[in-house]
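Take a look at the structure below.
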Amino acid sequence: MMALQQRFDRLDKHGKKLFRYLRAMNGTRETDYKKLTDKQILDEVDRKMAVRDSQGEMNRISSRPMVIGKWQEIVKKKPFKGYNKKIHARTGGLSAKGRAKFKRETGANLKAPVTTKPSKLKRGSKAAKRRKNFCSRSRGFKRDDGTYSEKAKAARRRWNC
């Protein structure tokens, strides 16, 4: 068995970057809240970097694998639970089309989110106040365990909270 340092040195630039990322995210959602050892992280990096050749054998080619027949890995994940591309903006919140549908159904007049960076907003302007108000209200979106749902995270990210 090769030493961990030798296995790490064998990785290319992208593999090392993936290893550092997984190590930093260790114990978070990225690793299903499990604490992984360096050996387990290296195994995961090797698994992600392996590419099947035409004979079906595993070859280490690069860290940007050509995924053959694994459409699940090619299709991007939904940005949050309950995401519907027809009415939600990919970055969180409702799109213009979604706001129009909501207005037709309920008569409400929803405004678009303030997506301007806080540094670009004039202090005390209507937009700045709206953004500040949303950010303070959205802090209450936390679950019982103290984390935000994906939907809430996406909305807070869009509003620059």
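Brief remarks follow.
- Among the candidates Asp53, Asp43, Asp9, the residue that is of a type in the set (Asp, Glu), outside the structural domain of Tyr148 (by TED's automatic domain parsing) and modelled with pLDDT under 80 is uniquely Asp53.
- Failed condition for Lys129, given (1) in contact (Cβ under 8 Å) with a residue 24 or more places away in the chain; (2) surrounded by 13 or more Cβ atoms within 10 Å (Cβ to Cβ): (1)
- Residue match in segment 105-124 (condition: within 26 Å of Lys86 (Cα to Cα) and in a helix (DSSP H, G or I)): yes
- Looking only at segment 12-34, and only at residues there that are surrounded by fewer than 16 Cβ atoms within 10 Å (Cβ to Cβ) and of a type in the set (Phe, Trp, Tyr), the one that is modelled with the highest pLDDT: Tyr21
The values are calculated or read from the model by the stated rules, or taken from the named source; none is laboratory data. Quick caveat, the model's predicted, so the values are computed rather than measured. Neighbour counts are summed over all protein chains in view; Cβ atoms, including those assigned to glycine, are modelled from backbone coordinates with ideal geometry.
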